[in-house]
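What follows is calculated from the coordinates using simple rules that are stated; it is not laboratory data. Treat the numbers as computed from the prediction; the structure is a model and nothing was measured. All Cβ positions, glycine included, derive from the backbone under ideal geometry; neighbour counts span all protein chains shown.
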Amino acid sequence: MGSIKFSKEELERYSRHLIIPEFNIEGQRRLKNAKVLVVGSGGLGSPLLLYLTAAGVGTIGIVDFDLVDETNLQRQVLFSVDDVGQSKSASAIKRLKGLNPHVKFIEHNTRLTSENALEILSGYDVVADGTDNFPTRYLVNDACVILQKPNVYASIFRFEGQVSVFNYTDQNGNTGPNYRDLFPTPPPPGLVPSCAEGGVIGVLPGIIGSLQANEVIKVVTHIGDPLSGRLFLFDALTFETRTLKVHKDPTQESIVKLIDYQEFCGIGQEADDTPSVKEVTVRALEDMKDSGEAYQLIDVREPYEYEIANINGVLIPLDQIADQVDQIASDKKVVVHCRSGVRSANAISLLEKKFGFTNLYNLKGGILAYADEIDNTLAKY
């Protein structure tokens, strides 16, 4: 480690690290020698990448196949309006190089899968998971276990966040619990909405992602006590925190190979669980409008969603649909819509079974499809 040298510019840049007695130049050497992979450059990845870059981690890999979207800018502070429509990984590296030219960046502009995960993760010392879906979380966890890599984990939802360090081997050679010790199996499909569906307060990723960066630095530099065997919980609304103990599950089967994580998490079953109902496309709806055909449009979203964007449907939230059934026409075609088509399908199924409607049609793709194909001035949320 002593062979790692710093230029005069680097010594000046990292001077506030170097004068910390517990950190000093040895800690900075460990950072410069480290290779850290960040999975996801979005809400959590943005502050995580910014602070790891500023701190002087020598090599940082970024896995992200997504493009920057306008809706990302509320919380993903790594990007600007000029990046909309561009590759997240490429945009991130461009910004980060401007922050610290002494860091080497490796771009993995690809989806992490069971086929490529072991190859990608094998080149790094520490993995930081900033993803927002269960299949990738289990994939990252299992790959880290197989490769014996520490997994610095974080997740966020609405006003709440959590952080932990999984699969960490301490100085005595003892390896702590992994993600499956805390969550042996994923929740049922659709039970836990994503940030896109449930929302997240914009500052929360900054708070949690910074804590995640702190844990990465502790793991790399061997200072402090990493969150191995502990799960840190934060509530931004009440500003309450809790730290729970996490123990290894002696009944957990050994993880020896990667599996189909989409199937493991029941992805695809959600579509199977959506009721089968009659549909119309957004273009068919426009044809109905243009031809003067008699129809009624019902919107089963929530009032706050209606304020964000609407296509002039009669607003009857899903949980009120049975009580306001008298507002729904029975003598002409009725098109029911929501954000993406799932809630409206459930509304139609309920109305058909309970009240015998036969004239209801689901708007395929919901208002998102309408914004994509018919009116791109509508806000997508």
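Using θ = phi - 60° in the Karplus curve 6.51 cos²θ - 1.76 cosθ + 1.60, the 3J(HN,Hα) couplings for segment 201-213 round to 5, x, 7, 4, x, x, 5, 6, x, 5, 5, 5, 4 Hz; x is entered for Gly and Pro.
Proximity of backbone amide H atoms, modeled 1.01 Å from N, is registered between ILE106 and ILE60, GLY61, ILE62 at under 5 Å, excluding neighbours fewer than 5 places apart on the same chain. Packing, as the average of other Cβ atoms within 10 Å across residues, places the peptides 38-48, 356-366 in the order 38-48, 356-366, highest first. Semi-axes of the equivalent ellipsoid for the chain, computed as √(5λ) from the eigenvalues of its C-alpha gyration tensor and ordered from largest down, come to 46, 23, 17 Å. Ranked by the mean number of other Cβ atoms within 10 Å of their residues, highest first, the peptides 71-82, 118-129 fall in the order 118-129, 71-82.
Relative to the longest principal axis of the Cα atoms of the chain, the long axis of helix 134-147 makes an angle of roughly 20 degrees. Working from Cα pairs under 8 Å separated by at least six residues, relative contact order for the chain is 13 percent.
Take the cross-link list LYS149/LYS245; LYS35/LYS257; LYS32/LYS88; LYS218/LYS380 and give me the ones stretching past 32 Å between alpha-carbons. Beyond 32 Å between Cα atoms: LYS218/LYS380. Between the helical axis of 24-33 and the longest alpha-carbon principal axis of the chain there is an angle of about 60 degrees.
The distance between label points at THR251 and LEU233 comes to 2.2 nm (points 7 Å beyond Cα on the Cα→Cβ vector).
Working from Cα pairs under 8 Å separated by at least six residues, relative contact order for segment 274-373 is 38 percent. Whole-percent P(r), segment 202-313, all Cα pairs, 5 Å bins from 0: 2, 7, 8, 9, 10, 13, 12, 9, 8, 8, 6, 4, 2, 1, 0.
Remark: LEU99, LEU49, LEU211 ranked as LEU99, LEU211, LEU49, counting other beta-carbon atoms within 10 Å and listing the fewest first. Set the Förster distance to 25 Å, then compute FRET efficiency between ASP323 and THR377 from the Cβ-Cβ distance, nearest 0.05. Working from the Cβ atoms, E equals 0.15.
In this Cβ point-charge picture (+1 for Lys and Arg, -1 for Asp and Glu), the chain has a dipole of about 1420 debye about its Cα centre.
Under 5 Å between amide hydrogens, built in the peptide plane, is the criterion, and for SER228 it picks out VAL165 among residues at least 5 positions away or on other chains. Computed on the Cα trace of segment 263-381, the radius of gyration divided by the Kirkwood hydrodynamic radius gives Rg/Rh = 0.96. Considered as an equivalent ellipsoid built on the Cα gyration tensor, segment 1-100 has semi-axes of 30, 12, 11 Å, the largest given first.
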